[in-house]
Each structure stands twice: as structure tokens, then as C-alpha cells.
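Let me begin by presenting the structure, written as C-alpha cells, before commenting on it.
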Amino acid sequence: MTVCIQCGGEPKYKCPTCCQPYCSVPCCKQHKETPCSPPPVKEPSAPLETHRHTTYDYPTEDTVAPETLKLLEKSAGVKKCLENPHVRKILEELDKSPHPDELIQEYMQEPIFTELVDECLSVVEPPDNKDK
């Protein structure tokens, strides 16, 4: 079980520098009083050899390469979807939720959210150019 590096409480956040868990603003401030450094870079396992500079703690066969995720920044379709304040509100709620997987199931019923999902998938998993 992971615990806060300052007080031993239940962590909700990770230090952006060293990735150590902490539970609150006071614990974060206390942690920042002493310098920390990034964790050592792990060598990726064989299936993820394309991820030379970034590794994932728990990769799966569905893990998307960081280079591919960067393409989302340039997608006109994703940017257009994000112009909608309702979509941004949904994303904020998902980000804050302790159980985003449950919320995603709910939001997948909303056409505006599925439009964003479809745009994201079209970037990270482009359709095959094969004849069907």
C-alpha cells in the first residue's frame, strides 16, 4: 500500500519532480523544503521498445506511445471538441473523480463526449487503409 511520504496518510497526488506520493498541500509544502530529484529512468521491456525516453509503471498491450499522444496536441478535431465548455467540464470532473472509469461509462452516453473520444482515437489509432 502506498502512503504519503510526509505523514503516512492516504496519498492523492505525486510530486511532479520525484514522483513520491503525498496527500495534501501542507505535506507537499513540507516535501518541497528539501530538494528532490527525478527517479531513475527504467529501461522499457521488449514490447515497449519504442518508448525510449518514457516508460510506464504498468504498461499493457493498449498503452499508447508518448510520441503518439503528442499528436493529440496538433489535432484540429480534438481542439474543436475542446472549444465546447461542456466537454471541458466533463474532463475536469473526470480528472477530479476517484472513480473516472465509472464516470466514463456514463459520459459515453453523451454525443458531445463520444465525439471527443472518436477524435482522440482517430489520432492514436488511425483507421487501416485496407479494403474491407
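The values are calculated or read from the model by the stated rules, or taken from the named source; none is laboratory data. Predicted model, so just to flag it, every value in this text is computed and none were measured. All Cβ positions, even for glycine, are placed from backbone atoms using ideal geometry, and neighbour counts span all protein chains on display.
For this structure, a couple of remarks:
- Check on K70, out of contact with any helix residue (DSSP H, G or I) (no Cβ under 7 Å at 6 or more places or on another chain), closer than 17 Å to E125 by Cβ, part of a helix (DSSP H, G or I) and free of Cβ contacts under 8 Å to residues at least 24 places away in the same chain: yes
- Complete set of residues in region 109-118 that are more than 18 Å from the chain's Cα centre (by Cα) and of a type outside the set (V, I, T): Q109, E110, P111, E115
- Selection over region 78-105 of residues that are over 19 Å from the mean Cα position of the chain (by Cα), among the acidic types (D, E) and outside any loop (DSSP other than H, G, I, E, B) gives a count of 0.
- Of all residues in region 83-100, those that are closer than 28 Å to C23 by Cα have Cβ atoms under 9 Å from Cβ atoms of residues that are at pLDDT below 90 and part of a loop (DSSP other than H, G, I, E, B), 6 or more apart or on another chain, in P98/K12.
- Applying the condition of being basic (K, R) and touching an Asp or Glu at 6+ places or on another chain (Cβ under 9 Å) to region 76-132 and asking which residue is farthest from V64 (Cα to Cα) yields K80.
- Only residues that are among the charged types (D, E, K, R) and exposed (fewer than 10 other Cβ atoms within 10 Å of the Cβ) were counted in region 71-92, giving 3.
- Tabulated pairs, region 48-62, first more than 23 Å from K14 (Cα to Cα) and among the polar types (S, T, N, Q), second at pLDDT below 75 and surrounded by 10 or more Cβ atoms within 10 Å (Cβ to Cβ), C-beta under 9 angstrom, 6+ apart or interchain: T50/P44
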